[in-house]
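Reading through the C-alpha cells given below for one structure.
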There are 6 protein chains.
Amino acid sequence: MRRNDTLLELLLELQTLDRVPRMGYLLRGVTDPESITEHTWHVAFLVWALGPRVPGLDLLRALEIALVHDLAEVRTGDLPRVAKRYFAHGTQEAAEREVMDELSGPLAERTAELMAEYRAAETKEARLVKACDKLQLMIKVAAYERWGAGWLGEFWDNPENFPELGIDVVRDLFEELRTAHGPPPSR
Amino acid sequence: MRRNDTLLELLLELQTLDRVPRMGYLLRGVTDPESITEHTWHVAFLVWALGPRVPGLDLLRALEIALVHDLAEVRTGDLPRVAKRYFAHGTQEAAEREVMDELSGPLAERTAELMAEYRAAETKEARLVKACDKLQLMIKVAAYERWGAGWLGEFWDNPENFPELGIDVVRDLFEELRTAHGPPPSR
Amino acid sequence: MRRNDTLLELLLELQTLDRVPRMGYLLRGVTDPESITEHTWHVAFLVWALGPRVPGLDLLRALEIALVHDLAEVRTGDLPRVAKRYFAHGTQEAAEREVMDELSGPLAERTAELMAEYRAAETKEARLVKACDKLQLMIKVAAYERWGAGWLGEFWDNPENFPELGIDVVRDLFEELRTAHGPPPSR
Amino acid sequence: MRRNDTLLELLLELQTLDRVPRMGYLLRGVTDPESITEHTWHVAFLVWALGPRVPGLDLLRALEIALVHDLAEVRTGDLPRVAKRYFAHGTQEAAEREVMDELSGPLAERTAELMAEYRAAETKEARLVKACDKLQLMIKVAAYERWGAGWLGEFWDNPENFPELGIDVVRDLFEELRTAHGPPPSR
Amino acid sequence: MRRNDTLLELLLELQTLDRVPRMGYLLRGVTDPESITEHTWHVAFLVWALGPRVPGLDLLRALEIALVHDLAEVRTGDLPRVAKRYFAHGTQEAAEREVMDELSGPLAERTAELMAEYRAAETKEARLVKACDKLQLMIKVAAYERWGAGWLGEFWDNPENFPELGIDVVRDLFEELRTAHGPPPSR
Amino acid sequence: MRRNDTLLELLLELQTLDRVPRMGYLLRGVTDPESITEHTWHVAFLVWALGPRVPGLDLLRALEIALVHDLAEVRTGDLPRVAKRYFAHGTQEAAEREVMDELSGPLAERTAELMAEYRAAETKEARLVKACDKLQLMIKVAAYERWGAGWLGEFWDNPENFPELGIDVVRDLFEELRTAHGPPPSR
C-alpha cells in the first residue's frame, strides 16, 4: 500500500473499512460482528447525543475527532486490546501515526491534528470521544447478549472496558446500562 | 415496536442498524453489501472531507444532518429507489416523520429539525449532505466493481444516481470518479 | 429497472429474491435470516401439507397464490410490518400492483389475478395462504429461538403476528406451536 | 434424528433446509450460494410458469412433485453430482426413501408416492420437474456469472447439467439462455 | 471434475475445502459453522497435543493420517452421520477411494496408503486419529454452546459422537469436557 | 484473557481461531476470506506434500512447526503485513512470545521451542515452513481470482509476497503458479 495522493484514492480505500471486524467480539464467538465503520458511526452518534449535555463542549471538534479516530484500521486491522498490552509502550502510536500519514494523503494535516488531540486526551472533546468509545463497546455487548450471544461475560468483568467516569452524562448512562443489562453484582 | 422512552433504549435499538443492508446493492447480487450504518458514516466522512472547501458552510450543522439522515431505516429497512417511486407523493415522508418521532424518544426534537432541513434541501448544509449521499453511492459502486462485482453497470446508466452538481467540489470529485472508474462513454 | 419483456429476463431477476432478507428477523438481531424465497417455499409447503384437510379447497389455486404472493419484493425489498402501518391506506397495494406488472412481464396477467385474489382475502384459498403466511412466521420464530436467538419474545406478544384462526387446521397447529415453543402464559 | 411423529416436528425440522447450501456452486467458489429451499422454490416457479404451455399437463401434480423433490436433503445434505456418480447403483435412492419416510412422519405416504413418480420419470409431470431442476441449475449459473463469479465455465461444458430436451418450452428457454449467457461456441 | 494431473491443480482445488461446511452443525442451526479444513486442523492439533502421551506412538504417521483423513470431502461434501447410516455397507468407502484417487493425482499413492490405514483402524496411529476426530466434534459442540447455540443437546445424547475410549489421554480429556460443558447427568 | 491452565481450556479457546480472518484478503475486498485455521492447514499440507522432495528434511519437525506457527493469532488477530512493517523491530516478536506463553499453558514449552526455530529460520525445516507460508498466500490469491475476485493484482506486484526461492521444489511450484495464474509479464 502506498500513499494516497488524491482524495478519491483515499475514499475508495476507506470503503474496505466496512469489512474490518471488531476483533474483541469475533474472538468471543460473535457471528458477523460490527465493522470498524459501524463502531465509528455509533461513537459519533453517542458524541452527538450526549455532547449538548457536556458544559462548554465544542461539539464540532468532538465530532471531528470521533469520525476519524479509528481510520488507521483500514490498514492495520483492529488490534484486540489483549494484543495491545503486549506491545512496547509507544510503538503502536508511532506506527499509527505513520499509517495515518500515508493513508490520509491530502487530508493528512487535518487527521494528524485530530489524532494528536485524541491520543493526548487532555481536552474535554478528546475525553468525551474516549469515553464514548468505551461506552459504545459495552452497549454493543449488551445488544449482542440480547440477541443470543453467550460468551461475553468477560467484558463485564474487566473495568478496562468501562468508560472513564469523569464525564457525568457518560457515567450515568453507563450505570443505567450496567444495571439493566450487566451481570448480577454477585457474579 | 414502541416509542423509546429513554436514550438507552434508543441506543440499544440503533445497534441493529448495522444489520440493515443497502438494498440497491443486494438486489444487484453484491455479497455482504454495506449496512445503513456504514453508508451513513461514509456520507458523514465525505461531508467532513469536502466541507471546508464549500464557502460559507456550517460544518457542524452539515455533520449533524449527515449523522441522522437515515436513522429511520432501523425501523423501516432500506427502501430501494425503485420502490420509492411507486409510493404516492408524500406518503413516505409522513411515515418517516412518524417513525423518527417514535424512535428518537428524548432526541426527537433535534432529529425532527435536522430531518426537516434535510428534506427541504434548501440550505447549503442539507444540499451538501444530499449530494454526498449520492456521491457515496457511486464511490461504493466503483469499489464493488474493483472487488469483482459484475452487475452494477445499471448504476452508471441512471443519472438519478448521480449527485446533483450544484456544488463544485462534489461535481469535480464525481467527474474524477466517473472518468477513472465508470463505464466507457460509448457504452 | 425495466419491464421484463421475456420470461428469461424475469427468471434471471428472480434469482436475487434469494438475497432479500426477511426484515422482521434481521431487525431483531437474527444472523443470516431466511430470504423471501425461503419464506415463500415454506408457505407453499404449509399450504400443501394442510390443504387436504381444508374441506372444499382448490389446492392448485392455493398453491399458485402461495408461490407468487411475495414476488414483488424482488424489487421493493421486504417492508417490515412496522413500516407498513405508517403508509397511507392503499398506497402500498397500488405500488405493489405496478411493480408486479413491470416485473412479471409475460406472466403479468396470471400474477395480477392471483394477487388480486390474495389481497381481497375472500376465497378459501386466499385465506389459507394468508393464514399460512403468519403461521410460517411464528414457526420460524420458534426455530430461531431453538437455535439460540434471544430477542424474539416480542413476536409472541403481538397477536398481529398470529394466523387468523378461522381455519381449523391452522388454528390447531398454531396452538400446538404456542404451547410447545411460545413463552410461558404468565409472561 | 428420529421419525417425526407430528406435523409440527416435521415443519420445525424443515426450517433448517434454508441452511443447506447447494454444493455444486459452493465447490466452485460461489460465496453464499442458494439453499436447497431456494432451489426448490425456483424449480416450482419454473413448473408453474411453463406448465400451461405443456399440453395435457396436470399442473397440480407437477407442482406437488416440485415442492417435495429435494426434501430429504434436510437430513442428508446436498450431494454434489460428482459424489453421486461414485455410489453403487440404487444405494442413494434406497437411502433417500428411508430418510424421507422417517422425516415426513404424518405426510410419509404422500411424499413417498410423489417421490416414486419423480424417480421413475415416466409421467409428463415428473419429466417436467426433472427438466426444470436442470434448467434452474443453469439459470442460476448465469445469474452468478452476471454477479461476478468466475469459475463456473465447467457447468456449461458438461451436457449432464442441461435439461433433457424432450419438452419444447424447456428446450426453447434453455437455448435462449445458452445463447444469451453461455460461453461462446468456440470455447 | 477430472483427475488432477499436477500437484498445482490439486492444491488449487483444495482451496475450496474451506467453503465446505460441517453438516452436523449446520443442520442444527449453527450459523457459519467450521469448514472441513478447520475441522482437519483441529484434529491434527489434538493428535500433536496428545500424541507424546500415547506410549509407542509414531507421531509423524499419526499426523499424516490426520492431515489427509477428510480430503475427499472437497469433492463429495460432508456427509452428515445420519446420511451415512443409510448407505449400504461399504459403498461410501468405495466411493471415497475412487474420489481420493482422482483427486490426489501425483500424491495418490501416499494418500491411499494413509486412508487404508485410517479405515482399517487397527494401528495405534489410526485409532488415535479416529478418537481425536470425535473428540474434536464434541469440543466444538461445547464451544458453540458457549457462544450461544441452543440446539446441540442431541450431540451429548448420542454416544456415537463420543471418542472410543481405549486411549487413556483421550478418555480423560473427554470426561473433563463432559463434566465441565456437557448437559447435567439427569437430563 | 488469562493463562490457560489446562489443555482443555487451550483447546476451547483455539476454536475461535476459525473466526479470525486473514486480513490481507479482507482488506482487498475478498468476501468470506480464509481463516487462520484454514491457512495453517494449507501450509501444513504443503509441507507434507513437498517435504519428501526436500533432501534430508525431518518431516515430523517441519509439520510440527507448520501446525503451530500462527497460534498466537487467536489472541492478537492477524496483523496485515502493512501493519507489521510499521512496528519497531522486535516488538512484535516479543509480544508474540508472551502471548504464546500465556495461551499455550501446558504446551508452552513445546510451542516455544518450535516458534524459536521458526523465527530463527536457520534450519531446513523452519525455512520450508516459511516458504510454504508464502506459497500458500499466493495459491490462495490465484484461487480467489479464479472465483471472481478483482483487486488482488497488488499481491503479484510485490516480491515480499513470494516464497524465498532457496528450496527447489518450492521455487518450481511457485514459477508454475505464476506462469499459469499470475498477471501477464508486461503488466
* Where F:E93 falls short, out of the listed (1) part of a helix (DSSP H, G or I); (2) open to solvent by less than 30 Å² (accessible area, probe 1.4 Å) -> (2)
* **Per-region count, the stretch A:161-187, residues farther than 19 Å from A:L46 by Cβ and of a type outside the set (S, T, Y)** => 4
* Out of the residues in the stretch F:12-46 that are within 22 Å of A:T31 (Cα to Cα) and β-branched (V, I, T), state the one that is farthest from the chain's Cα centre (by Cα). => F:T31
* Asked: If E:R146 passes every condition in (1) surrounded by fewer than 22 Cβ atoms within 10 Å (Cβ to Cβ); (2) more than 14 Å from chain A (Cβ to nearest Cβ) but one, which one does it miss?
  -> (2)
* Residue pairs meeting the criteria (Cβ under 7 Å; at least 6 apart or on separate chains; first farther than 19 Å from D:W48 by Cβ and open to solvent by less than 30 Å² (accessible area, probe 1.4 Å), in the stretch C:109-137; second outside any helix (DSSP H, G or I) and of a type outside the set (A, V, I, L, M, F, W, C)) -> C:A131/C:P163; C:A131/C:E164; C:L135/C:P163
* To do: Kindly list the number of the only condition in (1) in contact with a strand residue (DSSP E or B) (Cβ under 6 Å, 6 or more places away or on another chain); (2) over 12 Å from C:E38 (Cα atoms) that fails for D:D18.
  => (2)
* To do: Test each condition in (1) in contact with a helix residue (DSSP H, G or I) (Cβ under 7 Å, 6 or more places away or on another chain); (2) crowded, with 22+ Cβ neighbours inside 10 Å for A:P106 and report the one that comes out false.
  => (2)
* To do: Using the structure shown, decide if D:T37 is hydroxyl-bearing (S, T, Y) and part of a helix (DSSP H, G or I).
  => yes
* For the stretch F:149-180, what are the residues that are within 14 Å of chain D (Cβ to nearest Cβ) and touching a helix residue (DSSP H, G or I) at 6+ places or on another chain (Cβ under 6 Å)? -> F:G150, F:W151, F:L152
* Please work out if D:R81 is at pLDDT below 95, within 25 Å of F:A143 (Cα to Cα) and of a type in the set (K, R). => yes
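Could you please let me know if C:L152 is more than 17 Å from C:V43 (Cα to Cα), modelled with pLDDT of 95 or more and open to solvent by less than 10 Å² (accessible area, probe 1.4 Å)?
yes
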* Taking the options A:A72, A:A49, A:A62, name whichever one is under 17 Å from the mean Cα position of the chain (by Cα), aliphatic (A, V, I, L, M), surrounded by 20 or more Cβ atoms within 10 Å (Cβ to Cβ) and at pLDDT below 95. => A:A72
* Output the residue which, of all residues in the stretch A:33-46 that are in contact with a strand residue (DSSP E or B) (Cβ under 7 Å, 6 or more places away or on another chain) and within 7 Å of another protein chain (Cβ to nearest Cβ), is surrounded by the most Cβ atoms within 10 Å (Cβ to Cβ). => A:E38
* Asked: Just for the stretch E:4-28: of the residues that are outside any helix (DSSP H, G or I) and surrounded by fewer than 22 Cβ atoms within 10 Å (Cβ to Cβ), which one is nearest to the other protein chains (Cβ to nearest Cβ)?
  -> E:T6
* Asked: Would you call F:V169 touching a residue at least 24 places away in the same chain (Cβ under 8 Å), under 23 Å from F:R75 (Cβ atoms) and among the hydrophobic types (A, V, I, L, M, F, W, C)?
  -> no
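The values are calculated or read from the model by the stated rules, or taken from the named source; none is laboratory data. None of the values given here were measured: they were computed from a predicted structure. Reconstructed Cβ throughout: ideal geometry from the backbone, glycine too, with neighbour counts over all protein chains shown. With ligands, DNA and RNA removed, areas are computed over all heavy atoms of the protein, side chains included. Shrake-Rupley method; radii C 1.70, N 1.55, O 1.52, S 1.80 Å.
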